[in-house]
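A short worksheet on the structure shown next.
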Amino acid sequence: MKNNSTWLSSIGQKLLLATSGLIMFLMFLIPHMGGNILFLFGPEMFNSYAMHLHQLVPVVIGIEVLMLISISVHMFMGFRVVLANKKASDKRHSQKSSKERSLAAKLMPVSGGMIFIFIIKHLLDFTFKAKEQVDMHGHMANDVYGMVLARFQDPVHVIFYVLFMVAVGLHLSHALQSSLQTYGLYIPREGSKIKLVSMLVAIAMASTFAIIPIIAFIR
Amino acid sequence: MSNTINLTLKVWRQSKDEEGRFETYQANDVDTDASFLEMLDVVNEELTIKGVEPIAFEHDCREGICGCCGTLVDGKTHGSHERTTLCQLHMRKFKDGETLAIEPFRAHPFKVLKDLIVDRSGLDAIITAGGYVSVKTGNAPEASTTPIKKADAEAAMDAAECIGCGACVAACPNGSAMLFTAAKVSQYALLPQGHPERTERVKNMVNMMDALGFGNCSNEYECAVACPKGIDVKNIARLNREFIKANLKKA
């Protein structure tokens, strides 16, 4: 009998998926959203936020390393789970089962893949890009506000970003509640408040992210 | 007074080492008071007279307690989602003139043996891996030496209602046996009698489940809808907790 180690057993894999996902959610997605909101308050606020963030180099690098580890674990385990599940399920010929399975749950591999593509594009758009300098009360700083504004003058970019935020919302709405069930916290099938909160948080976060390119386009 | 209905059945026919296919049969004048299996019995009688090999399907108690029967009827395990086994599903649930697709439980570890019969011995192997308790021989112990809270006894009995029919595996988009394994782990984890092997049980049963090629649970809860005994996903959460606890103990 093939004996998987604890972490590669079916429940172990999902614990790793849940943990790496929650780390990215708590340590990256939420702070990132907080930063994005500052964009709405204009160039002064947003550029100053970016400048102060870069002064915290050890923290930024620490989080970047943590994110790299988390995304690697998340993708590796995600692939393993999806492939194993494909193999374990046999195709039915008569399709008409219950509607219990949510669209978000069904699309987890698709939305996950979309998020990966998005991250690459997003890094190319803003992180690995030469930034203009701007005068911030005497010292020079990166004009990230201007960069974001310039990027989203192109409606194609705006549509791309908004579309991919739908994937983020779908992924989160299943992920948040499902990860808790994996940790052993009972999420009931019907009338679960945690399921509802999970969906509301997902919608709120995806819309907050999606509103930035739209506002930048209008400004 | 019972009514009769006419149905068109598209039934999965498959012999060993052969690709399966759907064959269409007419089921005429079906008594609406008959159970689904009784309807198949009548169809088989007619097929036998015509010289066609009867449809093979598994059945035993026909009282909804043994876990033998079960096929997908129009994609639904046991033909309905109303907490009933196929043998306890009555033909009054169907409409005159309906066409029903009847196929075996689908999951990679459930090989089709013949027609609607699949090999569910994987579930037995999971039980063998840890679904038991050690008992001392000798006289039956005095019942009140091991008091059990009413709520725990109830929850253990709810889990023990599982008849091991495999509907959860067939309903799962991932072919996972988590609900089955969760029910078996839960019924022992909740009672003091199950505690001596508690740590090893959950590890061994999950290991066996994985080794047999059952899929991973992605918390989509199709299993709980399909379960004829209403086993709740609460048990899956408990299985996850048992697994975490068992592995923390080792560390």
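Since every read-out is calculated from the coordinates, none of them should be taken as a lab result. As the structure is a computational prediction, the values presented were derived from the model and not from experiment. Positions of Cβ are backbone-derived with ideal geometry, glycine not excepted, and every protein chain shown enters the neighbour counts.
Centre-to-centre separation between the Cα atoms of the range B:79-115 and those of the range B:1-77: 9 Å. Using the Cβ of A:Phe217 as centre and a radius below 12 Å, the other residues enclosed give a net charge of +1, where K and R count +1 and D and E count -1. Computed over the alpha carbons of the range B:27-77, Rg followed by Dmax gives 11.9, 33 Å.
Taking trypsin sites (Lys or Arg not before Pro) across the range A:119-161, the ones in a DSSP loop with at most 16 further Cβ atoms lying within 10 angstrom of their Cβ are A:Lys129, A:Lys131.
Give, to the nearest whole percent, the P(r) tail of chain B beyond 23 angstrom, counting all Cα pairs. Summing the P(r) tail past 23 Å for chain B gives 54 percent.
Quantify how strongly other chains surround peptide B:234-240 by giving the mean number of their Cβ atoms within 10 Å of each of its Cβ atoms. Mean number of neighbouring Cβ atoms from other chains: 5. 3J(HN,Hα) along the range B:88-105, derived from phi through the Karplus expression 6.51 cos²θ - 1.76 cosθ + 1.60 where θ = phi - 60°, amounts to 9, 8, 9, 5, 5, 6, 10, 9, 4, x, 5, 10, 10, 8, 10, 9, x, 4 Hz, with x in place of Gly and Pro. For the range B:31-132, GluC sites (Glu not before Pro) meeting the loop criterion (DSSP other than H, G, I, E, B) and having at most 14 other Cβ atoms within 10 Å: B:Glu63, B:Glu82, B:Glu98. Rounded to the nearest 20, the Cβ-based charge dipole of the range B:151-251 about its Cα centre (Lys and Arg +1, Asp and Glu -1) stands at 400 debye.
Based on alpha-carbon atoms, the Kirkwood radius and the radius of gyration of the range B:4-114 give Rg/Rh equal to 0.94. Between the range B:168-216 and the range A:134-148, how far is it from one alpha carbon centroid to the other, in angstrom? The distance from the Cα centre of the range B:168-216 to that of the range A:134-148 comes to 58 Å. For chain A, lysine pairs separated by 8 or more sequence positions, or belonging to different chains, with Cα-Cα distances below 19 Å total 16. How far is helix A:57-88 tilted off the main Cα axis of chain A, in degrees rounded to 10, range 0 to 90? So the helix axis and the longest Cα principal axis differ by about 30 degrees. Look at where the Cα atoms of the range A:51-95 and of the range A:161-207 average out, and the two centres are 16 Å apart.
Report the relative contact order of chain B, percent, no decimals, based on alpha-carbon pairs under 8 angstrom and at least 6 residues apart. The normalised contact order for chain B reaches 19 percent. Coupling constants for the range B:139-144 follow from the phi torsions by the Karplus curve (6.51 cos²θ - 1.76 cosθ + 1.60, θ = phi - 60°), and in residue order they are 5, 4, x, 5, 4, 7 Hz; glycine and proline get x.
For B:His108, the residues whose modelled amide H falls within less than 5 Å of its own, excluding neighbours fewer than 5 places apart on the same chain, are A:Ser89, A:Asp90. Note on A:175-187: average number of Cβ atoms from other chains within 10 Å of each residue's Cβ is 5. If you line up the long axis of helix A:10-24 against the longest principal axis of chain A, both from Cα atoms, how many degrees apart are they, to the nearest 10? Helix A:10-24 sits at roughly 20 degrees to that axis.
Give the Rg/Rh ratio for chain A, taking Rg as the radius of gyration of the Cα atoms and Rh as the Kirkwood radius, to two decimals.
So for chain A, dividing Rg by the Kirkwood Rh gives 1.03.
With θ taken as phi - 60° and the Karplus curve 6.51 cos²θ - 1.76 cosθ + 1.60 applied, the whole-hertz 3J(HN,Hα) list for the range A:29-43 is 5, 5, x, 4, 5, x, x, 4, 4, 5, 4, 5, 8, x, x Hz, x standing for glycine and proline. I need to check one value: relative contact order of the range B:4-114, counting alpha carbon pairs closer than 8 Å and at least 6 residues apart, in percent. Dividing the mean separation by the residue count of the range B:4-114 yields 34 percent. Between the Cα long axis of helix B:234-250 and the first principal axis of chain B there is an angle of about 40°, rounded to the nearest 10. Under 5 Å from the amide H of A:Met136 lie the amide H atoms of A:Ala141, each residue being 5 or more positions distant or on a separate chain, with H modelled from the backbone and absent for Pro and chain starts.
Calculated [222 nm] ellipticity per residue, helices only, for chain A: -22500 deg cm²/dmol; basis is -39500 (n - 2.57) per DSSP H run with n ≥ 4, divided by all residues, nearest 500. Dividing the alpha-carbon radius of gyration of the range A:1-101 by the rule-of-thumb value 2.2 N^0.38 Å gives 1.60.
Averaged over peptide B:74-82, the number of partner chain Cβ atoms lying within 10 Å of each residue's Cβ comes to 2. Across all directions, the shadow cast by the convex hull of the protein assembly as shown built on its C-alpha atoms averages 30.7 square nanometres. In terms of overall dimensions, the range A:107-204 has a Cα radius of gyration and Dmax of 18.6, 59 angstrom.
Of the chymotrypsin sites (Phe, Trp or Tyr not before Pro) found in the range A:1-109, not one falls in a DSSP loop while having at most 12 other beta-carbon atoms within 10 Å.
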